[in-house]
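Notes for the one structure printed next.
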Amino acid sequence: MNANTRFEFDSATAAALIEALPDPVAIVSMDSRLAAANAPMRATVPGLRVGELLTLALRAPDVLDAIARVFAGGEAESVIWRDRAPVERVFEVAIGALTTGDSPLGKHVALTLRDLTESRRIERMRADFIANASHELRTPLASVLGFIETLQGAAKDDAAARTRFLSIMRDQARRMSRLIEDLLSLSRIEQNEHLRPVEPVDLVVIIGHVLDTLTPMAREHGVAIDVKGPPELVVRGDRDELVRVAENLIENAIKYGSRDDGQPSSVEIELARDDKEASFSVRDHGPGIPFIHLPRLTERFYRVDAGASRAKGGTGLGLAIVKHIVARHRGRLAVHSKPGDGACFRVILPV
Ligand code: ADP
């Protein structure tokens with residue numbers, strides 16, 4: 001192609017070109033009426049009608065002012081438009097003049113929208129996550145530093161205080177270490193989330209292994225664990241990750257499902273399968289979880305009662321880890337709970 005090659009677009013070609021663009025695009029004429037809009041634009045601003053005034057469909061004063069400035073001979077501009085209904089969305093709107101030469105249609109501007117809603121949401125989540133993780137680490141760290149200073153000063157020669165403080169410091173250091181372990185697991189699982197694990201693993205063996213490690217904890221809390229299901233239940237998965245899922249759910253059932261008055265309690269684990277899916281559920285008879293918390297339970301650091309979770313050694317990351325592992329296995333997590341009637345967490349995996 002030599003440098004002089006020029007394409008002459010007739011209006012049908014121009015319309016087809018706009019229509020083929022994946023981002024929302026609209027062309028506005030000088031009298032502020034819509035000259036053209038492609039399908040993504042019509043879907044984003046459903047009220048738009050060709051030939052009608054743009055203001056009838058687009059209630060965005062900043063965008064309309066910017067269009068006026070571009071018509072008045074200004075440079076191309078980009079402005080932020082926050083649409084509040086039906087759901088809150090944020091767009092970057094780029095507005096540029098179309099130089100149509102001596103077109104009988106006169107001057108036009110092109111509007112291109114870029115949806116920033118998702119990237120803004122991810123940015124906010126990342127900022128919240130860093131703030132939460134720092135906050136979770138700051139408290140035990142401040143406590144360890146405080147005790148070190150006390151041991152160096154006032155309690156220097158107090159053997160009894162030293163023993164007590166060292167034990168608290170060990171608990172706080174363990175808490176930080178658990179938190180860092182959980183944060184690292186979470187990021188590892190997230191990095192591999194697109195790779196579905198395919199090794200055959202037997203859920204019955206996994207549950208048996210987890211119960212072996214959690215039996216002392218169950219005994220300490222007065223919780224009897226009962227397992228029901230087939231003698232074997234093979235799915236495709238990652239053994240260590242599924243151990244982690246079972247461990248988190250059974251540990252939560254023991255921690256939150258046991259009774260404060262020391263009375264015995266029970267946890268039921270049930271394995272099942274049909275031709276499409278295998279599942280295991282963990283049911284406790286504790287206080288349960290109020291309905292309004294259920295949708296947010298698997299968010300990082302979301303707890304129904306932060307004080308109670310910390311007192312029981314929780315990091316607030318267990319269910320977030322469970323959710324990501326289950327997603328990596330292309331399965332789903334269902335939670336049923338009624339306050340006063342315990343909670344039931346069910347992991348469903350494809351077979
Ligand atoms: P944590 O480390 O706090 O246990 P998780 O992510 O495992 O974090 O759980 C999040 C929150 O969900 C807990 O803090 C608790 O409030 C609630 N929760 C989880 N499992 C149960 C359960 N079996 N019964 C009642 N509440 C539960």
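The values are calculated or read from the model by the stated rules, or taken from the named source; none is laboratory data. As the structure is a prediction and not an experimental result, all values here were calculated from the model. All Cβ positions, glycine included, derive from the backbone under ideal geometry; neighbour counts span all protein chains shown. Heads up: the accessible areas ignore ligands, DNA and RNA and are worked out on the full protein's heavy atoms, side chains in. Shrake-Rupley method; radii C 1.70, N 1.55, O 1.52, S 1.80 Å.
In this structure, PRO290 does satisfy being open to solvent by 20 Å² or more (accessible area, probe 1.4 Å), within 10 Å of the ligand (Cβ to nearest atom), farther than 17 Å from ALA218 by Cβ and not aliphatic (A, V, I, L, M). Criterion applied to ILE130, ILE168 was being open to solvent by 70 Å² or more (accessible area, probe 1.4 Å), under 28 Å from TYR302 (Cβ atoms) and not assigned by TED's automatic domain parsing to the domain that holds GLU19, and the one residue passing it is ILE130. Summed over the range 114-156, the residues that are in contact with a helix residue (DSSP H, G or I) (Cβ under 6 Å, 6 or more places away or on another chain) and either in contact (Cβ under 8 Å) with a residue 60 or more places away in the chain or charged (D, E, K, R) (or both) give a count of 1. Within the range 293-351, the set of residues being in contact with a Gly (Cβ under 8 Å, 6 or more places away or on another chain) and more than 9 Å from the ligand (Cβ to nearest atom) comprises HIS329, LYS338, PRO339, GLY340, ASP341, VAL347, ILE348, LEU349, PRO350.
Got a number for residues in the range 274-292 being of a type outside the set (D, E, K, R) and in contact with a Gly (Cβ under 7 Å, 6 or more places away or on another chain)? Number satisfying all stated conditions: 4.
With respect to (1) within 8 Å of the ligand (Cβ to nearest atom); (2) hydroxyl-bearing (Ser, Thr, Tyr); (3) under 25 Å from GLY222 (Cβ atoms), the lone exception for SER281 is condition (1).
Of all residues in the range 214-232, those satisfying the criterion of being part of a loop (DSSP other than H, G, I, E, B), under 29 Å from ALA327 (Cα atoms) and touching a strand residue (DSSP E or B) at 6+ places or on another chain (Cβ under 9 Å) are GLY229, PRO230, GLU232.
Please work out if ALA160 is at pLDDT 90 or above, open to solvent by 70 Å² or more (accessible area, probe 1.4 Å), outside the structural domain of LEU64 (by TED's automatic domain parsing) and more than 27 Å from GLU299 (Cβ to Cβ). Yes. Mind listing just one residue for me: the one in the range 195-233 that is touching a residue at least 60 places away in the same chain (Cβ under 8 Å) and farther than 12 Å from ILE250 by Cα and, of those, surrounded by the fewest Cβ atoms within 10 Å (Cβ to Cβ)? Going through the qualifying residues, I end up with LEU195. Kindly indicate whether any position in the range 281-288 is among the hydrophobic types (A, V, I, L, M, F, W, C) and in contact with a Leu (Cβ under 6 Å, 6 or more places away or on another chain). The answer is yes; a qualifying residue exists. Checking each residue in the range 185-194 for being open to solvent by less than 90 Å² (accessible area, probe 1.4 Å) and in a helix (DSSP H, G or I) picks out SER185, LEU186, SER187, ILE189, GLU190.
Within the range 65-79, track down each residue that is within 16 Å of VAL25 (Cα to Cα) and free of Cβ contacts under 8 Å to residues at least 24 places away in the same chain. Matches in the range 65-79: ALA76, GLU77, SER78, VAL79.
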